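J.: Can you read through this structure? Questions will come right after.
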């Protein structure tokens, strides 16, 4: 499984990379939404993990850009990982096109459960080790 994590905080990226390593997944890092969109243009991913609060373009705007694509990459599963606790946040993320919302600090079992649930809905989805 090839995962793109769009997150501006290096430590958060490292923690999630360590989690995904346990599952045998590979992770590409993008430090901004703009870099994440460029990475998505350059290669295929099985899943995207997206932070919301980043300098420049925010995560919800990035998700809207992804969902507006006119290719198969518009359908890549997206999990938001955020520290934002706004009451309507989950609804806004889902309305933008996210498949799931997890809150920091994210636990490995919660991440794997969300990924598995999303992949189970996709007949072409990969399997976590």
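The values are calculated or read from the model by the stated rules, or taken from the named source; none is laboratory data. Because the structure is predicted, anything quoted here is derived from the model rather than measured. Heads up, the Cβs are rebuilt from the backbone with ideal geometry, glycines too, and the neighbour counts pull from every protein chain shown.
J.: Residue under question is residue 38, and the condition is that it be outside any strand (DSSP E or B), under 18 Å from residue 2 (Cβ atoms) and more than 14 Å from the chain's Cα centre (by Cα); does it hold? Spell out how you get there, then give the answer.
T.: Numbers: outside any strand (DSSP E or B): yes; under 18 Å from residue 2 (Cβ atoms): yes; more than 14 Å from the chain's Cα centre (by Cα): yes.
So residue 38 passes the test.
J.: Shifting gears a bit: Would a scan of segment 43-65 turn up a residue that is more than 11 Å from the chain's Cα centre (by Cα), closer than 16 Å to residue 1 by Cα and in a helix (DSSP H, G or I)?
T.: Checked against the condition, which is being more than 11 Å from the chain's Cα centre (by Cα), closer than 16 Å to residue 1 by Cα and in a helix (DSSP H, G or I), segment 43-65 yields no hits at all.
J.: How many residues does segment 94-116 hold that are assigned to a loop (DSSP other than H, G, I, E, B) and touching a strand residue (DSSP E or B) at 6+ places or on another chain (Cβ under 6 Å)?
T.: Of the residues in that region, 3 qualify.
J.: Filter segment 1-23 for residues that are at pLDDT 95 or above and assigned to a loop (DSSP other than H, G, I, E, B) and give the result.
T.: 7, 8, 9
J.: Moving to a separate point now. With (1) surrounded by 16 or more Cβ atoms within 10 Å (Cβ to Cβ); (2) touching a helix residue (DSSP H, G or I) at 6+ places or on another chain (Cβ under 9 Å) as the list, and residue 41 as the residue in question, which single condition is left unmet?
T.: The number of the failed condition is (1).
J.: Let me ask something else about it. What is the residue count in segment 66-93 for residues that are in contact (Cβ under 8 Å) with a residue 60 or more places away in the chain and assigned to a loop (DSSP other than H, G, I, E, B)?
T.: So in segment 66-93, the residues in contact (Cβ under 8 Å) with a residue 60 or more places away in the chain come out as 81.
Still in the running and assigned to a loop (DSSP other than H, G, I, E, B): none.
Here the count works out to 0.
J.: Which numbered condition trips up residue 59, out of (1) touching a residue at least 40 places away in the same chain (Cβ under 8 Å); (2) under 19 Å from residue 113 (Cα atoms); (3) buried (at least 19 other Cβ atoms within 10 Å of the Cβ)?
T.: (2)
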